[in-house]
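A quick write-up on the structure given underneath.
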Amino acid sequence: MVPEGYTVNASFQAQQAYASAASPLRTSRSAEYQAFSEIIRRLGRVSDADATRFAEVASAIHDNRALWTILASDVASTDNALPDTLRAQIFYLAEFTDTHSRKVLRGEESVQALIDINTAVMRGLAAGVVKSTDTEGAV
């Protein structure tokens, strides 16, 4: 729809085409925060699940393990700019998450430890997201 008094030209059409696609910029931290948020929500939904909901539990556990596998791979890279100590801690948490996930799937443990770890990581990411918006201007 062309506003009254305007002519249709290439510039106006381009502006209209891209106007609806505009969205806030996301940093890698805010994307990670969103991923953890979704996983925590799913793990919370299955935290009291019984054996009849095993497929739902397994799916949430699988996605959590996939997220941690990506993080472990990232911090294992020599190109990763995080401090070595933090990289080692994240790698350890990925290993713990993998081991604990197997125990959850066998019915030996609950998902609460996974929720707690993910929540702690989200808190760290949130602090970084706030800090990066102060210095970078957009999240």
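The set of residues in the stretch 90-112 that are surrounded by 13 or more Cβ atoms within 10 Å (Cβ to Cβ) and of a type in the set (F, W, Y) comprises F91, F96. Kindly establish whether F12 is at pLDDT 55 or above and part of a helix (DSSP H, G or I). For F12, the condition - at pLDDT 55 or above and part of a helix (DSSP H, G or I) - is not met.
Each row is one residue, and each column tells you yes or no for (1) at pLDDT below 90; (2) exposed (fewer than 14 other Cβ atoms within 10 Å of the Cβ); (3) of a type in the set (K, R).
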position: R41; (1), (2), (3): no, yes, yes
position: V46; (1), (2), (3): no, no, no
position: T52; (1), (2), (3): yes, yes, no
position: A58; (1), (2), (3): no, no, no
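On the basis of being within 30 Å of R102 (Cα to Cα), among the hydroxyl-bearing types (S, T, Y) and either modelled with pLDDT of 55 or more or more than 22 Å from the chain's Cα centre (by Cα) (or both), does S20 make the cut? For S20, the condition - within 30 Å of R102 (Cα to Cα), among the hydroxyl-bearing types (S, T, Y) and either modelled with pLDDT of 55 or more or more than 22 Å from the chain's Cα centre (by Cα) (or both) - is not met.
The values are calculated or read from the model by the stated rules, or taken from the named source; none is laboratory data. Note that the structure is predicted; figures quoted are calculated from it, not measured. Neighbour counts run over all protein chains shown; Cβ positions are idealised from the backbone, glycine included.
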